[in-house]
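Please read the structure below before turning to the comments.
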Amino acid sequence: MSCPPWCPNMTPMDLFIELFAGLPRQGPGNEPCTSRALAAARPHLPEHPVVLDLGCGSGSSTRVLAKALEATIFAVDLEPRVIAQLRDEAPRIGRSTVLPVLADFSKLPEGLPDEAVPADLIWSEGAAYNLSFEGALTAWAPLLREGGVLALSECCWLSEDRDPDAVQLFEAEYPSMLSAEELDRRAVELGWELVEAFNLPDAAWLDAFYEPMEQRIAELRWPWADGPGEAVLDGAQAEIDLWRRTKSCWGYRFLVLRKTS
């Protein structure tokens, strides 16, 4: 899924998507983290659950869920290329039925089949920030049955001692970002039961996300040299460098929440 040497008609968003769509994951996380969160969710799921994997990207979490469960999984994303890839692969993924859906998760249930709602489990790794944490919990609650589970990972502050460069970035990119403690507390205040919560380890950033991204950046340096794509690559590398310098004060937290009456 590499870009042509010259991309005169690509917008900055096209270039951003081209960089990320070729990665094994589009955000931090890994199979052990997905499996840990799923283990916390399973006691609250039926034998054959209906699952919504929202912002599924290239399907890294979808594959883990499909192998561990006997479920019907609706894998939802707005990027046509990753949905097309999942449609090609779906019949060979695990014990579950995987049904890729091209839809905007900010507008659900629009675009979903009738049988997708209410779901027993909503899964979303690294994508809820598009709605904000509180926005995602509010928008997705009606898609779940009573007692259903929402599992999501969310960017957050890990320390009160915050690096000024990190503060500057997130004031611009995600000004509503909460601390880890605030995530837990706000979920409970919004009426959810907190089943499990843990911070993602370094391996979930480096091995699964940032190291593959650095390889992708290196591949695109020559094709995108002296064009608008160069700034996209520089921005991505700057984020990686910032995380390496300041990872003690920000990261991702995985929360497993149960919908209560």
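Consider all pairwise Cα distances in the range 1-112 and report the whole-number % of them above 23 Å.
33
Give me the percent relative contact order of the range 151-239, please, defined on Cα pairs under 8 angstrom at least 6 residues apart.
19 percent.
Relative contact order for the chain using alpha-carbon pairs under 8 Å, separation at least 6, rounded to a whole percent?
RCO, the chain: 25 percent.
Return the whole-Å distance between the Cα centroid of the range 50-78 and the Cα centroid of the range 158-195.
After rounding, the separation between the Cα centres reads 26 Å.
Taking Cα atoms, how many degrees apart are the long axis of helix 180-189 and the longest axis of the chain, rounded to 10 and kept between 0 and 90?
It is inclined by approximately 40 degrees.
Could you go through the range 41-49 in sequence order and give the Karplus-derived ³J(HN,Hα) for each residue, using 6.51 cos²θ - 1.76 cosθ + 1.60 with θ = phi - 60°, rounded to whole Hz, and x for Gly and Pro?
7, 4, x, 9, 10, x, 4, 10, x
How long is the chain along each principal axis, judged by its Cα atoms, biggest number first, in Å?
That works out to 55, 46, 30 Å along the principal axes.
Would you compute, from DSSP H runs of 4+ residues alone, the mean residue ellipticity of the chain at 222 nm, taking -39500 (n - 2.57) per run and dividing by the full residue count, rounded to the nearest 500?
Dividing the helical sum by the residues of the chain leaves -11500 deg cm²/dmol.
With +1 on each Lys and Arg Cβ and -1 on each Asp and Glu Cβ, and nothing else charged, work out how big the dipole of the range 1-113 is about its Cα centre, in Debye to the nearest 20.
360
What does the charge count around PRO118 come to, taking other residues whose C-beta lies under 9 Å from its C-beta (Lys +1, Arg +1, Asp -1, Glu -1)?
With Lys, Arg at +1 and Asp, Glu at -1, the neighbours total -1.
In the range 24-86, how does Rg compare with the Kirkwood Rh, expressed as the Rg/Rh ratio over alpha carbon atoms?
0.96
What percent do you get for the relative contact order of the range 25-132 when only Cα pairs under 8 Å and 6+ apart count?
The normalised contact order for the range 25-132 reaches 31 percent.
Taking the Cβ of each residue in THR97, THR138 as the centre, tally the other Cβ atoms inside 10 Å and list the residues starting with the fewest.
If I rank by nearby Cβ atoms, fewest first, I get THR138, THR97.
If you rank ARG95, ARG216 by fewest surrounding Cβ atoms within 10 Å, what's the result?
By the 10 Å Cβ count, ascending: ARG95, ARG216.
Values in this text are rule-based calculations from the coordinates and carry no lab data. Keep in mind it's a predicted model, so treat the numbers as computed, not measured. Counting neighbours? That spans all protein chains shown, and the Cβs are built from the backbone with ideal geometry, glycine included.
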